[in-house]
Amino acid sequence: MVRVSRRNFLKFSAALSAAGGIVPLDSLFTASSAGAGSKPVVISTWNHGVAANDAAWRVLSGGGSSLDAVEAGVRISEGDPKVMSVGFGGLPDEDCTVTLDASIMGPNGNAGAVAFVQHYKHPISIARKVMEKTDHVMLVGEGAEEFARRQGFERRELLTEEARKRWLEWKAGMSEKDDWLAPAVNHDTIGMVALDSAGDLAGACTTSGLAFKIHGRVGDSPLIGAGMYVDNEVGAAAATGKGEAVIRTCGSFLVVEGMRDGLSPQKAIKRALERIIEWHGGGVDFQVAFVAVNRSGKTGALAIQKGFQYALARDGTNELIDSEYLLE
Ligand code: SD4
């Protein structure tokens, strides 16, 4: 059963508060995921998406490109040590090493990605360099880091004291009966998709992946078509949640293909999530959620389980919204 969303927090853009404007609640509701499309618009995953949207909106409202907007947006989460699932301060893997994955895709169909990056705070910007400076799409590990160094990125330690403390607590609670199949403790990857005033789409996705994962594990976020996908003729989508389930089903590509079939972003996400649930035998206990936008600026967001939130910025508003979800 699809749950009706509840808006528990409203954040107005600098422009609105500067104007001293109080926006009637009803008018905010019409700017919801079910509302009519408009541009520019940006939608991103989780509560830290609000700050990320603010940065993206500054680019979009100044007439900037969706590609610049999504990069600027997710860099906020990457740089914030309090966001413990993305970038600097992200939770480490089982060996206490922080490894980052990211992907970016623009309106011309070009894409860039990096995975298993250990010493650079902004993998999304390295991914963009891969897209723009090479004819490759993806670099991983040492090769990605060497490329970043040559591009002038600053090398640094990503593990914060707080993240190390969480790792120590996790380690202390481990027993030999433990495996890596237990539900992951963090699902806070930032995925962001945007439509600019010129009508062009872009997407970005960046993460430290599942906390305490096996050293070397890479999830969906850096995989074009899984963690994020853009087709400028159709729409864009980005994923959060259990990466393995998203990889197996080419999740974001599936959402975009749903829109190509004529579905609204919301219905396209629903169809993709139903496929994931079905694919995994029905009653699943993991979380997967998508955000999406189509060419006309209509947005969608939906999760398998309760608890997912997304941030939506358009028309001078930036709201954090409790997502609809599919399973009880
Ligand atoms: C991954 N999808 O690496 C990511 C994890 C995550 O919110 O936390 N998503 O599988």
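The values are calculated or read from the model by the stated rules, or taken from the named source; none is laboratory data. On a predicted model such as this, the values are computed, not experimentally measured, just so you know. Cβ sites come from the backbone with ideal geometry, for glycine too, and all protein chains shown count toward neighbours. Surface accessibility is based on the protein's heavy atoms, side chains included, excluding ligands, DNA and RNA. Shrake-Rupley method; radii C 1.70, N 1.55, O 1.52, S 1.80 Å.
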- Message: As a quick test, which of the pairs K165/K213; K133/K242; K39/K298; K129/K213; K213/K242 have an alpha carbon distance above 19 angstrom in this structure?
- Response: K133/K242; K129/K213
- Task: Report the net charge of residues surrounding T189, where surrounding means a beta-carbon distance below 10 angstrom and charges are Lys +1, Arg +1, Asp -1, Glu -1.
- Result: -3
- How much area per residue is accessible in the stretch 116-260 when the probe is 1.4 Å and only protein heavy atoms are counted (Å²)? 45
- Query: Points 7 angstrom from Cα along the Cβ direction at L168 and N108: gap in nanometres?
  - Reply: 5.0
- Task: With N set to the residue count of the stretch 234-323, report its C-alpha Rg divided by 2.2 N^0.38 Å to two decimal places.
- Result: 1.04
- Task: In whole Hz, with x marking every Gly and Pro, tabulate ³J(HN,Hα) for the stretch 49-65 from phi via Karplus 6.51 cos²θ - 1.76 cosθ + 1.60, θ = phi - 60°.
- Result: x, 5, 5, 5, 4, 4, 5, 5, 5, 4, 5, 5, 6, x, x, x, 7
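Could you give the alpha-carbon Rg of the stretch 39-325 over 2.2 N^0.38 Å, rounded to two decimals? Present the calculation step by step, with values, prior to reporting the outcome.
Working: Rg = 17.4 Å, N = 287, 2.2 N^0.38 = 18.9 Å.
The value comes to 0.92.
From largest to smallest, what semi-axes in whole angstrom does the stretch 51-91 give when each is the square root of 5 times an eigenvalue of its alpha carbon gyration tensor? Provide the component values of the computation, followed by the final result.
Values: eigenvalues 101, 13, 5 Å².
Values for the stretch 51-91, descending: 22, 8, 5 Å.
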- Query: What value does the stretch 24-160 have for Rg/Rh, both radii from Cα atoms and Rh as Kirkwood defines it?
  - Reply: 1.03
- With the convex hull built on the alpha-carbon atoms of the stretch 185-258, volume per residue in Å³ sits at 75
- Most fluctuating residue of L210, L254, L263 in a GNM of the chain with Cα springs under 10 Å: which is it? L263
- Note on the structure: The percentage of the accessible area of the chain (probe 1.4 Å, all protein chains present) made up of carbon and sulfur atoms, to the nearest whole number, is 52
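Compare the peptides 123-132, 305-314 by average per-residue count of other Cβ atoms within 10 angstrom and give them in order, highest first. Write out the running numbers ahead of the final one.
Values: 123-132: 24.5, 305-314: 22.7.
Going by the mean number of other Cβ atoms within 10 Å, highest first, we get 123-132, 305-314.
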- Item | Per-residue ³J(HN,Hα) for the stretch 96-101, Karplus 6.51 cos²θ - 1.76 cosθ + 1.60, θ = phi - 60°, Hz, x for Gly and Pro | 6, 10, 7, 10, 10, 10
- Hey, got the dipole for the chain? About the Cα centre, +1 on K and R Cβ, -1 on D and E Cβ, debye to the nearest 20? 500
- Task: Work out how much length E132 to F286 would gain on full extension: take 0.36 nm times their residue separation and subtract the Cα-Cα distance, in nm to one decimal.
- Result: 51.9 nm
- Expected vector for the stretch 155-166, Karplus 3J(HN,Hα) from phi with 6.51, -1.76, 1.60 and θ = phi - 60°, integer Hz, x for Gly and Pro, equals 7, 7, 6, 9, 7, 8, 4, 5, 5, 5, 4, 5
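Viscosity 1.567 mPa s, temperature 4 °C: Stokes-Einstein D of the stretch 103-236 from its Kirkwood Cα radius, in µm² per second?
Numbers: Rh = 16.2 Å.
Roughly 80 µm²/s, to the nearest whole number.
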- Ranked highest first by average number of other Cβ atoms within 10 Å, how do 192-199, 237-244 line up? 237-244, 192-199
